[in-house]
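Quick notes on the structure that follows.
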Amino acid sequence: MAQPEKKAGLLKRTSSSKKPLKEKVLLMYEQIFTKEDPSKSNPRFWDELFLMKVNLEYLEGKLESLDGDEVMKVKDNINSLFQHCVQALAEEHQIRVVNALQTLCALFRGVHQKNRSATGFDIINMLMGFDKAELRMKELMESLDALLCGDGSQSLKSLCLKLLLCLVTVTDNISQNTILEYVMINSIFEAILQILSDVSSRAQHGYDAVVLLALLVNYRKYESVNPYIVKLSIVDDEPTLDGMGMVIHHALTEYNRQYRDKEEENQGGFFSTLTSMVGSMFIADADEKLSVQTNEAILLALYEAVHLNRNFITVLAQSHPEMDMAAAPAVPVPSSPATPLGTTPPSLDLMNNPELPLDPNLQTSNLLITFLKYSSIVMQDTKDEHRLNSARLCLIILTCIAEDQYADAFLHDDNMNFRVNLHRMPMRHRKKALDKNIPSRPLVCAVLDLMVEFIITHMMKEFPMDLYVRCIQIIHKLICYQKKCRVRMHYTWRELWSALINLLKFLLSNETILLSKHNIFQLALQVVNLFNMFITYGDTFLPTPSSYDELYYEIIRMHQVFDNLYCMVLRVSTNAGQWKEPASKVTHALVNVRAIINHFNPKIESYAAVNHISQLSEDQVLEVVRSNYDTLTLKLQDALDQFERYSEQPREAGFFKELVRSISLNVRKNVSLSTMSQDVLLKEFSSIS
């Protein structure tokens, strides 16, 4: 009986010890992670390796599992792997090139992941050997440049850009990624421009190219001379600039389209019915559902183009037919489960068709209009830091635009009228404007509408002071241009005046809460000085004399707000404290507003008494105003039409460092998720071979 049991036991033991065969590529990886040179036992080791399908997960995981000391033990083999990857990029056999690119991606990611605390020099030493680093990176960048500029496979070009994005974003702070010094020395700027200038390559790779350029421009931009900044600032090639504008335009258009689809979806169905039944009680909740992640990478690219290159301003104004968002072709979204709205590249259909058939009923659009619509979505909700930063970047871009002479000329051109349908925050006291009711006007009207919309919709406890300051500055810069060039805009100025007065009212009502966090006197001074601009120079840019009369009417009608403001700043300025000086500036700035109120109010009261009228109509008040201008004395205030020009450093440096860090993390995550399918690539190149 013992014998059969023994056999059974033996059989059982043999069965349980049977292991699945390892892939050959894993066995080869294991040889790399030993101290011995794998090519000693197999002279064709490296040739064979790049014919094997890369196991990214295993290779990255193995690198991540090694600490610094363990890496140094196998450093020579890792250096050799890096060297042979670079050499494989120059081969004609496309499968070798694909596998080499993917292996490099795993090397960059794996070594950085485990050694985040290591210095950049240590990382370079681990990857390629410090003594050979300059040569290896020169060879790598030259090969990538040749692949991007050549006539080869579009899939290979896409993989090259993915590798570069992987390399740029392996560290949270790109300025601490010392390997990028070699990307500065061995520039791929011209390759990026070539992609953007060519219609076909732009459609395939424009999005990645623009994001890559935006990130490279931000490498140590405050510490040293960044060649990508220098080169971007002097680009004057029209097809290239147009190409960059096209990529940005379509990415923003796609976000706007997706937002509108989501909005329409939200307005239908049970939730919409319930909302209307209970009298818009849940408007805030409905709007919350539409709060979607913004595409900060493409916004950063737009900012760098506008800020660094004056020639790009002309691209903002390039007109082309506007696609009906509802009818726009759907975007092929990558099969990533966590891809947020607005972060996917734009539709290839859109990118491939820059020239759309003209329709007499189709209105023209341009990048600036698309950006204004995008900003109107982003600026609706600034409750969390992420959205606050997105809105801030939009306002910074608008600040740069408002300062540019050419942009101002285009914004105010009365022969260039557009119908701009801005998105407006749902509010109980106003109806949603119908698209058909929006008039066709110069673009400056849309910018002012956006600023007014922001002012009236963000008076809340978590007061976005920085955004309000920027918003008022943009309005001021536009008015300075109008005053300087004597441009008379037919705009509903009363809406702006009303919004500004309500803002002052809000500051007064929440003085105690706001003063604990903000210098509200800075903002109050800006608002009062806007009124001073209208009072002092309004006759040079307001459309009609009656507009000037209406300004006085609004000041007189809302005199209580200005009276209360004066009392508040007088109280603060006469007491010792940190706000004494800023409050006293507001006191002095109010001199003409108070002169108007003190001059006209007695005359209005006298007119009412003489004519036995208890409450005067607007026309009657205006009649009193017009007949008493002659006796009004105003003081000429200096420097009302002067402003400090935008400068990124030092004021904005901290903001952009954090923004680029956030974008880098997001790009890294998306590159990991969207690494091109190996099976698809290998199938493509197997058929070629």
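Scalar couplings 3J(HN,Hα) for the range 472-486, obtained by applying the Karplus form with A = 6.51, B = -1.76, C = 1.60 to θ = phi - 60°, are 5, 5, 5, 4, 4, 5, 5, 5, 4, 5, 4, 5, 5, 9, 6 Hz; x denotes Gly and Pro.
Calculated FRET efficiency, LEU570 to GLU238, Cβ-Cβ distance, R0 = 51 Å: about 0.35 to the nearest 0.05.
Backbone amide hydrogens, once placed in the peptide plane, bring SER365 within less than 5 Å of HIS320, GLU322, excluding anything fewer than 5 places away on its chain.
Note on PHE463: accessible area is roughly 10 Å² with a 1.4 Å probe, heavy atoms of protein only.
If you wrap a convex hull around the Cα atoms of the range 104-164, how much volume per residue is inside, in Å³? Kindly include the intermediate steps, with their values, before the conclusion.
Working: hull volume 4.4 nm³, N = 61.
It is 72 Å³ per residue.
Accessible surface calculations at 1.4 Å, restricted to protein heavy atoms, place the range 563-638 at 61 Å² per residue.
Can you give the extra length, in nm with one decimal, that the chain gains between LYS75 and LYS40 once fully stretched, where that is 0.36 nm per residue apart less the Cα-Cα distance? All intermediate terms of the calculation are to be shown ahead of the outcome.
Numbers: separation 35, 0.36 × 35 = 12.60 nm, distance 1.64 nm.
Contour length minus Cα-Cα distance gives 11.0 nm.
Across the range 151-168, coupling constants 3J(HN,Hα) worked out from phi with the 6.51/-1.76/1.60 Karplus curve, θ = phi - 60°, read 9, x, 4, 5, 5, 5, 4, 4, 5, 4, 5, 4, 4, 5, 5, 4, 4, 5 Hz, and Gly and Pro carry x.
Past the 18 Å Cα-Cα mark, which pairs from LYS383/LYS517; LYS483/LYS505; LYS157/LYS231? If you can, show how the numbers build up before the last one.
Numbers: LYS383/LYS517 16 Å; LYS483/LYS505 27 Å; LYS157/LYS231 22 Å.
Going by Cα-Cα distance, LYS483/LYS505; LYS157/LYS231 fall outside the 18 Å limit.
For the range 25-181, what is the relative contact order in percent, using Cα pairs closer than 8 Å and at least 6 residues apart in sequence? Intermediate values should be presented prior to the final figure.
Working: 164 pairs, mean separation 38.2, N = 157.
Taking the mean separation of contacting Cα pairs over the length of the range 25-181, I get 24 percent.
The distance from the alpha carbon centre of the range 371-420 to that of the range 30-88 is 50 Å, rounded to a whole number. Sorting MET460, MET568 by solvent-accessible area of protein heavy atoms yields MET460, MET568, largest first, with a 1.4 Å probe.
For the pair TYR58 and PHE655, a Förster radius of 45 Å applied to the C-beta separation gives a FRET efficiency near 0.65, rounded to the nearest 0.05.
For the range 158-269, averaging the sequence separation of C-alpha pairs within contact (under 8 Å, six or more residues apart) and dividing by the residue count gives a relative contact order of 29 percent.
Working with all protein chains in place, sort ASP641, ASP237 by solvent-accessible area computed with a 1.4 Å probe, largest first. Show your work: numbers first, answer last.
Values: ASP641 40, ASP237 70 Å².
Ranking ASP641, ASP237 by accessible area, largest first, yields ASP237, ASP641.
When the square roots of the Cα gyration tensor eigenvalues are ordered a ≥ b ≥ c, the ratio a/c for the range 61-146 is 1.5 or more and a/b exceeds b/c, which makes its shape prolate. Take TYR303: with every protein chain present and a 1.4 Å probe, its accessible area is about 0 Å². Remark: accessible surface ordering of ILE604, ILE555 (largest first) is ILE604, ILE555, probe radius 1.4 Å. Please go through the residue pairs LYS580/LYS635; LYS138/LYS669; LYS580/LYS657; LYS461/LYS635; LYS24/LYS114 and name each one whose alpha carbons sit more than 29 Å apart in this structure. In this structure, LYS580/LYS657; LYS461/LYS635 exceed 29 Å between Cα atoms.
Taking the Cα centre of the range 442-492 as origin and charging only Cβ (+1 Lys, Arg; -1 Asp, Glu), how large is the dipole, in debye to the nearest 20? If you can, show how the numbers build up before the last one.
Details: 7 positive and 4 negative charges, 86 e Å.
Rounded to the nearest 20 debye, it is 420 debye.
Rolling a 1.4 Å probe over the protein heavy atoms leaves LEU66 with an accessible area of roughly 20 Å².
Summarising the amide proton neighbourhood of VAL420: residues at separation of 5 or more, or on other chains, whose placed amide H is nearer than 5 Å comprise ARG441.
The values are calculated or read from the model by the stated rules, or taken from the named source; none is laboratory data. Being a predicted model, the structure only gives us computed values, none of them experimental. Backbone-built Cβ (ideal geometry, glycine too); neighbour counts: all protein chains shown. The protein model used for the area step is the full one, side chains on, heavy atoms only, and it has no ligands, DNA or RNA in it. Shrake-Rupley method; radii C 1.70, N 1.55, O 1.52, S 1.80 Å.
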